[in-house]
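Please read the structure below before turning to the comments.
What follows is calculated from the coordinates using simple rules that are stated; it is not laboratory data. On a predicted model such as this, the values are computed, not experimentally measured, just so you know. With ideal geometry, Cβ positions are generated from the backbone for all residues, glycine too; neighbour counts draw on all protein chains shown.
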Amino acid sequence: MKVKAKLILLILLAVCILLLPLLLYIYQFGFSLSTEHSNWSEFGSYLTGIYSPLIALVALFILANQLLIQRSIGKHQHDQAFINSAREDINFYINKLENFLEKDFEDGTSIKDYIDTHFRFLDSKALVNQGVIAHIQSFNEKHRYIFDIWLALYPILKGLEASKSYPYEHNFEAAKLRISSCLSFGTCVAIDNIYYVISRDCNNGKYYYMDVL
C-alpha cells in the first residue's frame, strides 16, 4: 500500500507540474483561441521554453532511477551468487566431515564419539594445559583431515558474517545452525577446541562454537 500511495502522489505531482505553466498562461492572458499567427508562435515558444527543461529533467530522473534499479539488481544477483556458493561449499564440507567422523577410531568407537568424549568439555584452563595440548596435537597428527575441513569452513562463515545486513546476517546464522544440526553442537564445540589449540598462534579471530559456552 505504501508503494502504491507513493506512486499515486508522484503521478499527481507530475500532472500538477505539467499543468502549472498552462494555468499560469491562462491566468495571465485569458482563455481564448487567437486568430493571429504571431500569438500562436509566441504560445509555442512559451511552451517550448517551459516544457523542454521539464522533459529533460523527467528523462534524467527516469535514467537515474533505471541506474539505481540496475545497481540494486546487480547487487542482489551478486549477493545471491555469493550465498549460494557459500551454501554449496558448506554442504560439501559437512558431508565430507560427517563421513570422516563416522569412521572407527583406534579403541573401536567412532571418531565422533572419541572427540565428543575427550575434547568437548574443555574449559579455558584445560585448553592451555600442556597435557591436553599434547593430546590434541597427537590426535591432529593422525586425523588432520578434521582440522583441514574446519579450517576450510571458517573463511566461508566469516565471509557471511562480514556484512550485518540481510541476507548475509540471516544466512550466517542459518549456516552455523546447519553445521551444528548435522554434526551436533557438542561435536562442533569439540572440533572448535581442537581448532583453537592448533591454530591459536596464527588465528586472532573468534570461535563460533566454543565461545558460546
Exceeding the 22 Å Cα-Cα cut-off - candidates LYS75/LYS206; LYS96/LYS158; LYS96/LYS142; LYS125/LYS176; LYS103/LYS142: LYS75/LYS206; LYS125/LYS176
Decide, for the chain, between rounded, prolate and oblate: order the square roots of the alpha carbon gyration tensor eigenvalues as a ≥ b ≥ c, take rounded if a/c falls under 1.5, and otherwise choose prolate if a/b is larger than b/c, else oblate. prolate
Neighbouring Cβ atoms within 10 Å as the yardstick, rank ILE198, ILE191 fewest first. ILE198, ILE191
Just to be sure I understand: with springs between alpha-carbon atoms less than 10 Å apart, which residue in VAL58, VAL197, VAL189 has the highest mean-square fluctuation in the Gaussian network model of the chain? VAL58
Using a Gaussian network model of the chain with C-alpha springs under 10 Å, which one of PHE61, PHE172, PHE100 is most mobile by mean-square fluctuation? PHE61
The set of residues whose placed amide H lies less than 5 Å from the amide H of SER110, leaving out same-chain residues fewer than 5 positions away, is PHE105
Net charge near GLU161 (other residues with Cβ under 12 Å of its Cβ; Lys, Arg +1; Asp, Glu -1) is +2
So for TRP150, TRP40, fewest C-beta neighbours within 10 Å to most, what's the order? TRP40, TRP150
Using a Gaussian network for the chain with springs between C-alpha atoms less than 10 Å apart, which of these wobbles most: ASN193, ASN91, ASN39? ASN39
Within the range 87-168, GluC sites (Glu not before Pro) in DSSP loop having at most 15 other beta-carbon neighbours inside 10 Å: GLU102, GLU106
